[in-house]
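Right, one structure below, let's go through it.
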Amino acid sequence: MRLFLVSRAAKAALFVLCLIPALWLAAGVWRGALGANPIEKITLETGQWTLRLLAAALAITPLRRLAGWPELIRFRRMLGLFAFFYASLHLLTYLWLDQSFDWGEICRDVVKRRFITAGMAAFGFMLPPALTSTRGWIMRLGGRRWQQLHRLVYLAAAAGVVHLWWKVKSDLREPALYALLFTILLLARLRRRSRESGGERAATP
Amino acid sequence: MKRHRSFSLPYSMVTPKSVYLSRRSLLGSLLAAPGIAASAERIENVRKSGYGKGETLTPYDAVTTYNNFYEFGTAKEDPARHARQFRTRPWTVRVEGEALKPRTFDVDEILRLAPLEERIYRLRCVEGWSMVIPWIGFPLAALLKRVEPKSSAKFVAFETLYDPKQMPRAAWAGIPLPYVEGLRIDEAMHPLTILSAGLYGEVLPNQNGAPLRLVVPWKYGFKSIKSIVRIRLVRSQPPTTWNLANPREYGFYSNVNPAVDHPRWSQKKERRIGEFFKRDTLLFNGYGNEVASLYSGMDLRKYY
């Protein structure tokens, strides 16, 4: 297993896997198979895959420890960038198919409707980490500052869940599920950090 | 995007029901489908009406697979899947309250009260999408007159069947059930307000509110309550489900109005199902000539 994880094939496989939802949507558009309201379907699916892939990216760190597979780190950037890819499609669907690039209306929407505000914030939080995901940027910023910047992903996840929560009309199961998932992923980190800092304190005389 | 089927075809040229039922026959036989068989029934002796001339009908498949009927699930495709087994006969409707002759009607009796008409109406959902649907029905007034409303009847309250055994997904609806709706008496007696028992020349599919539903074309779709079991003539404004669930977002009147936004989204435009870009939403869904006078002097922002 660990041998596979370090192979190039594993990365290629994950790349293809992450593309499947987009290809499925594209095929659905082509065949007219996305139901009565294909644009709504595209919006829903791209939004959901953003949250799922964000969760997958955030799950890497705890999984590395739990499974004892540090190699998993190789996949985190790709998962994060695919989350950003689906977020971009989601945003583009809204800007183009929903608002026909009517920027005045879009600005009013962002200011006036809190679920749109939250969605835009989520995208805003994803943007800097996505742009600085390369090795070059790690060097330029320095590991510590780079890592701090990339903590924006937590904010993106939170804003994304809030965005969905505020959008839903009455059935809150789906946003609640994502909220639970992200809370677990976040707690897994906080616990470790508090244990680490506790350890440090114990070590000082 | 979607390959464009021309929607300007008359619906007689749309894939015949028998054809796609046979396509689904495998699935149908797996699910033992009395519901499907029932919904294929044609309704005879339907008079055409002048409503909806020049409108392009929304395809039958879209009308019957893209539904809000939370008792059968909250996703749009849920009702078509989960309402198959819904029993629509025997079915009675209790009409009572401030009336001289309250009584219980068998649904088949109701369908003989008045000549059935085809009414092609626009349907605008509060969520921002719309359809054009050829309903079969007759004015609600014809039923109400049978029970002889008293002058004290100022509003009409409607109730949907709530049977958790037939509607296991209702537990997740997130709205109080049974579903209830209401109209002011003049809205209820308005000739545009109909009870519908069919669409596209056929008996209403379960997911569309069989066996009997309300259609109020100048109001958001949720006012057009489905699968009605009780109609009450009442003295004061009755509670309505979405208003109970979220009073800030859904008012009693809920007239289609592009100038009054839903708190969470604009109502200026709508996506007509089958169209690529959104179109402008019309005040009273374009039925202003007929109904605007009902609201003269009312602040439509306050009474949203």
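A few remarks follow.
- Reach of A:Lys167 by Cα under 16 Å, taken over aspartates and glutamates that are not fewer than 8 positions away in the same chain: A:Glu40, A:Glu45, A:Asp98, A:Asp109, B:Glu127, B:Glu249, B:Asp261
- Environment charge at A:Gly160 (Cβ cut-off 13 Å; Lys +1, Arg +1, Asp -1, Glu -1): +1
- The Cβ shell under 10 Å around B:Gly128 holds other residues with a net charge of +1, Lys and Arg each +1, Asp and Glu each -1.
- Three-way shape label, chain A, alpha-carbon gyration tensor, a/c 1.5: prolate
- Shape of chain B, Cα gyration tensor, a/c cut at 1.5: rounded
- Listed pairs B:Lys76/B:Lys268; A:Lys11/B:Lys269; A:Lys169/B:Lys145 exceeding 32 Å between Cα atoms: A:Lys11/B:Lys269; A:Lys169/B:Lys145
- Acute angle (nearest 10 degrees) that the helix A:152-167 long axis makes with the longest principal axis of chain A, alpha-carbon atoms: 40
- Straight-distance candidates among the aspartates and glutamates for linking to B:Lys226, with alpha-carbon spacing under 17 Å and chain neighbours fewer than 8 residues away dropped: B:Glu71, B:Glu77, B:Asp78, B:Asp106, B:Asp108, B:Glu159, B:Asp163, B:Glu181, B:Glu202.
- Local charge for B:Val216 was computed over the other residues whose Cβ lies under 10 Å away, with Lys and Arg +1 and Asp and Glu -1, and equals 0.
- Centroid-to-centroid separation of the range A:140-164 and the range B:115-193 [C-alpha atoms, Å]: 49
- Taking the square roots of 5 times each eigenvalue of the Cα gyration tensor of the protein assembly as shown, largest first, gives ellipsoid semi-axes of 50, 25, 22 Å.
- Straight-line reach from B:Lys150: taking Cα to Cα under 13 Å and skipping same-chain neighbours fewer than 8 places apart, the aspartates and glutamates in range are B:Glu96, B:Glu98.
- Charge dipole (debye, nearest 20) of the protein assembly as shown; +1 at Cβ of Lys and Arg, -1 at Cβ of Asp and Glu: 2000
- Between 0 and 90°, nearest 10: helix A:76-92 axis offset from chain A longest Cα axis: 20
- Taking the charge dipole of chain A about its Cα centre, with +1 at Lys and Arg Cβ atoms and -1 at Asp and Glu Cβ atoms, the residue from A:Ala83, A:Ile116, A:Pro62 reaching farthest to the positive side is A:Pro62.
- Once backbone amide H atoms are built at 1.01 Å from N, B:Tyr51 has B:Ile120 as its partners under 5 Å, excluding neighbours fewer than 5 places away on the same chain.
- Annotation: amide H of A:Gly32 within the under-5 Å range of B:Arg3, sequence separation 5 or more or interchain, hydrogens built in the peptide plane.
- Cα gyration tensor category, rounded, prolate or oblate, for the range A:123-188 with a/c compared to 1.5: prolate
Every number here is computed from the coordinates shown, using simple stated rules; none is lab data. No experiment lies behind these values; they were computed from the predicted model shown. As a convention, Cβ positions derive from the backbone with ideal geometry for all residues, glycine included, and neighbour counts pool all protein chains shown.
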